[in-house]
Each structure stands twice: as structure tokens, then as C-alpha cells.
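Undergrad: If you scroll down you'll find the structure; I have some questions about it.
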Amino acid sequence: MVLKLPELTRENQNWKIYHAHILDSAGAEGVVSHLTGATPKPVDSHELKAWNQSNAVAKYIILEVITDSLLARLMHNELAHTLYSHLAAIFGDHEPIAIEPPAEQSDQDEPL
């Protein structure tokens with residue numbers, strides 16, 4: 001079930017709020033990786049059906065509350081990741097999801 005999102009207003013008035021709600025909703029639905037692009041479109045037909053469903057959920061989360069004029073500009077995007085990246089760029093956010101790389105683990109013991 002998708003969480004209730006605020007409507008995205010014009011002139012970047014509530015982008016930060018909308019952005020936070022998008023990430024919360026995507027997290028609740030288990031589709032954040034579709035927004036980050038970490039889940040590439042699979043080639044295997046068995047995996048493709050589940051991927052398409054998750055991608056559709058991620059796109060729905062984004063498109064559900066944007067204005068008609070934004071929808072017209074963005075609806076051609078097949079991937080939730082490119083859709084979200086383009087929407088973020090429109091609102092001046094060129095890194096909408098900051099992903100921290102995993103901490104490197106050393107094979108050597110740290111001195112006490």
C-alpha cells in the first residue's frame with residue numbers, strides 16, 4: 001500500500017517534503033532500489049515480471065501526485081530511476097538519493 005503523499009507544488013515550494021515522502025513510500029513498498037537505479041532491468045523472463053511490477057509501483061509512487069504539466073513532461077520514462085532523476089533535476093536536486101558506499105573492511109587487525 002502506497003503512503004499518502006503531499007501533492008508536489010510548482011516553484012520548488014515543497015520538493016524536500018515530497019522527496020522525503022517518496023523515499024519513505026518507496027521504502028515501505030521495497031522499491032527504493034528502483035529509484036536509485038541499483039536494480040537494473042533483468043534479461044531473464046522469470047525475473048522480468050517481478051521487476052516490471054516493482055518498477056510500476058515505484059513509478060506510481062512518483063506520478064500519483066504530480067501536476068498534469070509535469071506528468072506530460074515525464075510520462076515517457078520507462079524506468080522509475082530515470083523518471084525520478086528527471087523530476088529531481090527539474091526541481092534543482094541533482095543528487096536526489098545519496099548512496100553511501102559500504103565501508104571498506106581491512107583484513108589486518110586494528111592495533112588496540
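Undergrad: Output the peptides 41-49, 23-31, 67-75 sorted from most to least packed, where packing is the average of other Cβ atoms within 10 Å over each peptide's residues.
TA: Working: 41-49: 10.0, 23-31: 17.0, 67-75: 12.3.
Taking the mean over residues of other Cβ atoms within 10 Å, the ranking is 23-31, 67-75, 41-49.
Undergrad: With every atom except the alpha carbons ignored, what do you get for Rg and Dmax of segment 15-90, in angstroms?
TA: Both quantities, over Cα of segment 15-90: 12.1, 37 Å.
Undergrad: So, in nm, how far is label L63 from label E78 when the simple model puts each one 7 Å beyond its Cα toward the Cβ?
TA: Those two pseudo-labels are separated by 1.4 nm.
Undergrad: From the phi angles alone, apply the Karplus equation (6.51, -1.76, 1.60; θ = phi - 60°) to segment 46-63 and give each ³J(HN,Hα) in whole Hz, x where the residue is Gly or Pro.
TA: Couplings: 5, 7, 5, 4, 5, 4, 4, 5, 5, 5, 5, 5, 4, 5, 4, 4, 6, 7 Hz.
Undergrad: HN-Hα J couplings of segment 65-78 from phi, Karplus 6.51/-1.76/1.60, θ = phi - 60°, integer Hz, Gly and Pro as x?
TA: 10, 8, 5, 4, 5, 5, 4, 4, 6, 10, 5, 6, 6, 6
Undergrad: Let's test the formula: R0 of 30 Å, r as the Cβ-Cβ distance of H46 and L71. What FRET efficiency results, to the nearest 0.05?
TA: Details: r = 32 Å, r/R0 = 1.06.
Working from the Cβ atoms, E equals 0.40.
Every number here is computed from the coordinates shown, using simple stated rules; none is lab data. Small disclaimer: the values here were computed from a predicted structure and weren't measured. Glycine also receives a Cβ, built like all others from the backbone with ideal geometry; neighbour counts cover every protein chain displayed.
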